[in-house]
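Okay, structure first, notes after.
Bear in mind these aren't lab numbers, they're just calculated from the coordinates by the rules spelled out. Quick caveat, the model's predicted, so the values are computed rather than measured. Here the Cβ is made from the backbone with ideal geometry for all residues, glycine too, and neighbour counts use every protein chain on show.
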Amino acid sequence: MITKAEAVSFLREHQPMPQDQELTEEEIKKYEEVRTFFIKNPDEQCIPLFLNSFGGKDGLGVYQMVEDVLVMYDKKIVLPYILHAFRSSYGSVQYWCIQIASNFPDESLFLPLVHFLQSEDLDIKAAAIIAIAQLALNHIKGYEILNILKEEMKKISDEETKELVAEVLAEIQSNIRV
């Protein structure tokens with residue numbers, strides 16, 4: 001059984017984790033053990049550590065489960081850490097934090113998410129589209145987001161991303177009764 005000090009130490013040493021191709025089985029097992037520890041033993045100090053731990057790709061399937069830890073906390077606690085992690089120089093940290101932001105719809109996310117819509121990284125752009133849609137679906141700047149996404153759709157050349165925007169627009173429009 002891992003201790004809190006060991007769990008915190010592991011996360012501090014992995015800011016971020018290695019790229020997937022460089023991850024060892026031991027590292028990912030330890031990461032999962034740390035994640036499970038903080039589900040059973042909530043401690044707010046793990047929030048920024050997890051948010052800045054995302055290495056390249058998907059952590060061999062473990063990164064998407066980190067939100068199970070983070071959704072245990074009130075958005076007032078998590079949002080400042082997400083907003084700070086958005087400024088990370090690591091695209092993988094930005095990507096996963098945008099994904100997690102979808103669970104914490106708040107007006108403070110609006111401008112950073114609009115900024116991420118301009119990303120050349122299609123994964124970051126897609127995550128931002130989904131996260132900004134969550135704002136609209138939670139009655140935060142719905143009409144403004146509709147207009148932004150309609151304009152963004154005109155600029156997108158990637159067909160898959162264009163389809164995503166079309167789906168999101170349809171969902172927002174049906175929910176806010178344009």
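Only sites in a loop by DSSP and with at most 14 other Cβ atoms within 10 Å count here; which GluC sites (Glu not before Pro) in segment 1-74 make the cut?
Answer in residue order: GLU44.
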_What is the sum of charges, Lys and Arg at +1 and Asp and Glu at -1, for the other residues whose Cβ falls under 12 Å from the Cβ of ILE39?_
-3
*For segment 151-172 and segment 10-38, what is the separation of their C-alpha centers, rounded to whole Å?*
35 Å
*Report the local net charge at ILE145: Lys and Arg +1, Asp and Glu -1, summed over other residues whose C-beta lies under 12 Å from its C-beta.*
-3
*List, in order, the whole-Hz ³J(HN,Hα) value for each residue of segment 84-99 obtained from phi through the Karplus relation with A = 6.51, B = -1.76, C = 1.60 and θ = phi - 60°; use x for Gly and Pro.*
5, 5, 4, 8, 4, 7, 9, x, 5, 5, 4, 4, 5, 5, 5, 4
*Please quote Rg/Rh for segment 1-91 to two decimal places, taking the Kirkwood radius as Rh and restricting both calculations to Cα atoms.*
0.93
*Do the sum for the chain: with -39,500 (n - 2.57) for every DSSP H run of n ≥ 4, divided by all residues, what is the mean residue ellipticity at 222 nm, to the nearest 500 deg cm²/dmol?*
-19500 deg cm²/dmol
_Cα gyration tensor shape for segment 61-158, rounded if a/c is under 1.5, else prolate or oblate_ = oblate
*For the chain, what is the largest minus smallest coordinate of the Cα atoms on each principal axis, given in angstrom and ordered from greatest to least?*
54, 33, 23
